[in-house]
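Just so you know, all these numbers are worked out from the coordinates, no wet-lab data involved. Being a predicted model, the structure only gives us computed values, none of them experimental. No Cβ is skipped: glycine too gets one built from the backbone with ideal geometry, and neighbour counts run over all protein chains shown.
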Amino acid sequence: MDKDQHKAKNTEPEEDIVFEPALDADNAKDPAEMIKALKEKLKISQKERQEYLEGWQRTKADYANARKDEDKSRAEFVKFSKEDVIRDVLPALDSFHSAFGNKVAWEKVDLNWRMGVQYIYSQLLTALEKNGISLIEPKMGDPFDTLRHESIATVPTENEKENHTVAEVVQKGYLLHGKIVQPAKVKLAEYSE
């Protein structure tokens, strides 16, 4: 398009365009009313902002708490995930305890061999302790604890104070990070008149 054609197109009469100042939402024309309306809008906006901020902070705190709970749950899972392996090793530990418990037979074994077996036992026990295993070793006369002890038999007693106490330890028990994996097997003293 050349300049002459462009001028010809723009020769149409122009309408006068009048711009009016923008009115607020309430269409108030009075400046005092406009200020009042704007202050109201500002209050509403500040209230909404505070609600959004508080909601965001709550969500952020909920997320942080959920993450802590998840980390704690994961740590617990890892902590007790070894339980099956440890349960498989416990019979070997019980065999050591049985061998050491038979004093007559144990004393007949060559001293060097006994020391070697005791050294292997201590290595196994140390490895298990590093992984959270601890022994439940009840003593004669200890009160019977239904959580830590399993009664496999009763032994009559004439002493009333010995009633429901450990009369004999048949097999030690085991804890994994404080959780009972295997209760100690005991014979329970039972008073009878």
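Listing for the model above:
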item	result
Projected label distance in nm at Leu42 and Met115, using a 7 Å step from Cα toward the beta-carbon	9.1
Phe80 versus Ala153: modelled label distance in nm, points set 7 Å from Cα along the beta carbon direction	3.4
Cα-only radius of gyration and Dmax that characterise region 83-191, units Å	15.7, 46
Relative exposure of Leu53, Leu175, Leu93, judged by other C-beta atoms within 10 Å (fewest first)	Leu53, Leu175, Leu93
Candidate lysines - alpha carbon under 29 Å from Lys103, same-chain residues fewer than 8 apart omitted	Lys130, Lys139, Lys172, Lys185, Lys187
Mean-position separation - Cα centroids, region 115-143 and region 33-61, in angstrom	65
Per-q log10 I(q)/I(0), region 154-193, q = 0.29 Å⁻¹ (Debye; single scatterer per alpha-carbon; no solvent)	-0.85
Ranked packing of 73-85, 181-193, 157-169, most packed first, by mean Cβ within 10 Å	181-193, 157-169, 73-85
Under 21 Å between alpha carbons - lysine pairs in region 24-81 that sit 8 or more apart or on different chains	9
